[in-house]
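Read through the structure below, which is laid out as structure tokens, and then see the notes.
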Amino acid sequence: MEIPIADKSKRPDIVMIYGNPGTGKTTSACRYCKMKGYNPIVLDVNNTNHTSMPNLDIDFTKNHIVILKELTKWIPIIAKSEYDTIVIEDTGRLIDTKLTPTKANEKNKFAKWEVRATAMSKLIDCLMKSGLNIIFIGQSDMIIKDHENKDENETYSKPVVEINSIVNWAY
């Protein structure tokens, strides 16, 4: 029996760009897309995209449930459009504040992080199924607080490790 070997050239690029604030991470993403011939659209969590890349109009002031529904609704639509790349501007803020409920069940001290983990898992699944190139942009100090990582002096956290595990390479 012949073993089918996956064609790695058909896999989308999944890139993490991180650095200090104001160092040109989004500009680097824009240049990377131009260099590769990609047609990107940005999920701009903090309205900091000052490049020529267009922004998807998502209201990130809504609650985490509405934001997740909007993202998972639009990602498959983008995959069928002229865009072939999603740039997620400020990945840390998206995970830590936009996909995390502000209130949680007080009886279950882990409820907030369980909800966020579920939301993050749904978003990552949707992104991976889309076949789009993905560029995550994060601050060099990107620490996502969770029940195991409440100290901002920590050097990693599970959501960051999860993103890094699917990244093909860091730019």
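Just so you know, all these numbers are worked out from the coordinates, no wet-lab data involved. What you see is a predicted model, and the numbers here were worked out from it, not measured in a lab. Here the Cβ is made from the backbone with ideal geometry for all residues, glycine too, and neighbour counts use every protein chain on show.
Between THR72 and ARG11, the modelled labels are 2.5 nm apart [label points 7 Å from Cα along Cα→Cβ]. Modelled spin-label separation between ALA79 and ASN63, with each label point placed 7 Å from Cα along the Cα-to-Cβ direction: 2.8 nm.
Across region 1-108, C-alpha contacts under 8 Å between residues 6 or more apart give a mean separation that, scaled by the residue count, equals a relative contact order of 28 percent. Under a 5 Å amide H cut-off, with hydrogens placed 1.01 Å from N, ILE14 pairs with ILE134, ASN168, TRP169 among residues at least 5 apart or on other chains. Distance between the 7 Å Cα→Cβ label points at THR27 and THR97: 2.4 nm. DSSP loop GluC sites (Glu not before Pro) in region 1-90 with at most 16 other Cβ atoms within 10 Å of their Cβ, which ones? Here the GluC sites (Glu not before Pro) that fit, given the DSSP loop and packing criteria, are GLU2, GLU82. Going down the list LYS34/LYS112; LYS36/LYS112; LYS25/LYS129; LYS25/LYS98; LYS34/LYS129; LYS62/LYS129, which pairs span over 32 Å between their C-alpha atoms? From the list (LYS34/LYS112; LYS36/LYS112; LYS25/LYS129; LYS25/LYS98; LYS34/LYS129; LYS62/LYS129), the Cα-Cα distance tops 32 Å for LYS34/LYS112; LYS36/LYS112. What does the C-alpha gyration tensor say about the overall shape of region 16-107? Classify as rounded when a/c is under 1.5, otherwise prolate if a/b is larger than b/c, or oblate. Oblate is the answer for region 16-107, as a/c is 1.5 or above yet b/c matches or exceeds a/b. Per-residue packing, averaged as other Cβ atoms within 10 Å, sorts the ranges 6-15, 119-128 into the order 119-128, 6-15, beginning with the highest.
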